[in-house]
Amino acid sequence: MKLALITGGSKGLGAALVQQYCDAGWQVREYSRSGSAAGHVDCDFADPAVVTEVCGKDFAALATEQWDEVVLILNAAVLDPIGPLAASTPADWQRHLTVNVTATITALGLFMQHFQALPAAKRVAAISSGAARKAYNGWSLYCASKAALEHMIRSIAIEQLAEAHPITAINIDPGVIDTAMQATIRAAGEDRFPDHERFVRYHADGVLKPPARVAAAILAILADPCIGGERYSVEDRLGGR
Ligand SMILES: NC(=O)c1ccc[n+]([C@@H]2O[C@H](COP(=O)([O-])OP(=O)(O)OC[C@H]3O[C@@H](n4cnc5c(N)ncnc54)[C@H](OP(=O)(O)O)[C@@H]3O)[C@@H](O)[C@H]2O)c1
């Protein structure tokens with residue numbers, strides 16, 4: 001039996017991952033606010049107490065079953081607020097960091113607490129971004145949150161070396177995908193995001209990849225041998241296709 005746990009599986013890349021793991025015969029759980037597919041669990045990542053309660057209970061119950069393979073994909077994220085930091089409010093900053101960092105790391109930690117002892121093949125993939133490495137004018141919170149998550153995964157990978165039943169934790173850069181997040185970028189305008197025009201061109205020139213293609217590459221990365229702490233690129237996996 002195989003289990004895929006996906007945060008933010010209601011739309012975009014997450015929904016494509018849910019679909020493809022289901023099609024491949026895995027049992028799938030997805031944690032978001034608006035999902036409706038089988039395996040949807042209502043969970044608002046803007047509230048860490050909710051994530052603690054919902055993921056804690058669900059992971060505890062799932063970890064009592066016999067699994068051959070378990071995958072956790074940390075996919076839920078927000079990009080807003082876009083623009084200079086001081087142009088938004090402390091509540092906006094805190095909400096962003098809660099979803100992308102605090103709640104996501106809470107889900108990761110709970111997964112480790114509940115699944116560590118299982119003698120199954122276990123993988124965690126954090127869906128990162130080019131913004132984890134490159135600074136963008138107008139995306140300071142997103143750059144910071146993606147960099148934080150990437151480094152968290154690298155540290156976890158070192159911790160796992162001492163475990164009897166280690167979890168392989170990796171980062172995946174999915175490249176640019178044709179989802180609602182890209183629509184948010186195009187809607188932001190040049191005032192708030194000086195690189196706006198480049199992203200409008202990505203859309204017009206068909207550079208954005210369909211979520212299903214990116215999801216298929218992620219499933220392939222996770223099905224191959226992976227090195228804990230490494231950063232894998234969907235672009236590399238697709239070989240420019
Ligand atoms: N699109 C790109 O070009 C691109 C590029 C690089 C990296 N990425 C990364 O790829 C991943 C998927 O992005 P996407 O483009 O598919 O984004 P998307 O279409 O905006 O979907 C985001 C997902 O995150 C969930 N989410 C957002 N806020 C949430 C909250 N408060 N509680 C629970 N879930 C929440 C959403 O679910 P609900 O709204 O239903 O809660 C949705 O399922 C993200 O980590 C993103 O940073 C995307």
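The values are calculated or read from the model by the stated rules, or taken from the named source; none is laboratory data. On a predicted model such as this, the values are computed, not experimentally measured, just so you know. No Cβ is skipped: glycine too gets one built from the backbone with ideal geometry, and neighbour counts run over all protein chains shown. Just the protein is used for accessible areas: all its heavy atoms, side chains included, with ligands, DNA and RNA removed. Shrake-Rupley method; radii C 1.70, N 1.55, O 1.52, S 1.80 Å.
A few remarks follow.
- Restricting attention to segment 160-197, the residues that are at pLDDT below 95 and either open to solvent by 70 Å² or more (accessible area, probe 1.4 Å) or among the β-branched types (Val, Ile, Thr) (or both) add up to 7.
- Any hit, segment 49-62, residues being buried (at least 23 other Cβ atoms within 10 Å of the Cβ), modelled with pLDDT of 95 or more and under 28 Å from Val214 (Cβ atoms): yes
- Test: Asp224 is more than 14 Å from the ligand (Cβ to nearest atom), over 18 Å from Leu74 (Cα atoms) and within 22 Å of the chain's Cα centre (by Cα): yes
- Residue in segment 118-143 that is surrounded by the fewest Cβ atoms within 10 Å (Cβ to Cβ), counting only those that are within 19 Å of the chain's Cα centre (by Cα) and under 14 Å from Ala169 (Cβ atoms): Arg123
- Filter pass, Arg123 being at pLDDT 95 or above, more than 14 Å from the ligand (Cβ to nearest atom) and basic (Lys, Arg): yes
- Only one of Ala107, Ala91, Ala103, Ala147 that is within 20 Å of Arg33 (Cβ to Cβ), without any contact (Cβ under 8 Å) to a residue 24 or more places away in the chain and not polar (S, T, N, Q): Ala91
- Scanning segment 13-38 for residues that are farther than 14 Å from Ile73 by Cα and either within 13 Å of the ligand (Cβ to nearest atom) or touching a residue at least 60 places away in the same chain (Cβ under 8 Å) (or both) returns Ala24, Arg33, Ser34, Gly35, Ser36, Ala37.
- Residues being hydrophobic (A, V, I, L, M, F, W, C) and surrounded by fewer than 19 Cβ atoms within 10 Å (Cβ to Cβ) - total across segment 144-158: 3
- Every residue from segment 83-117 that is more than 13 Å from the ligand (Cβ to nearest atom) and buried (at least 17 other Cβ atoms within 10 Å of the Cβ): Gly83, Ser88, Ile105, Leu108, Leu110, Phe111, Met112, His114, Phe115
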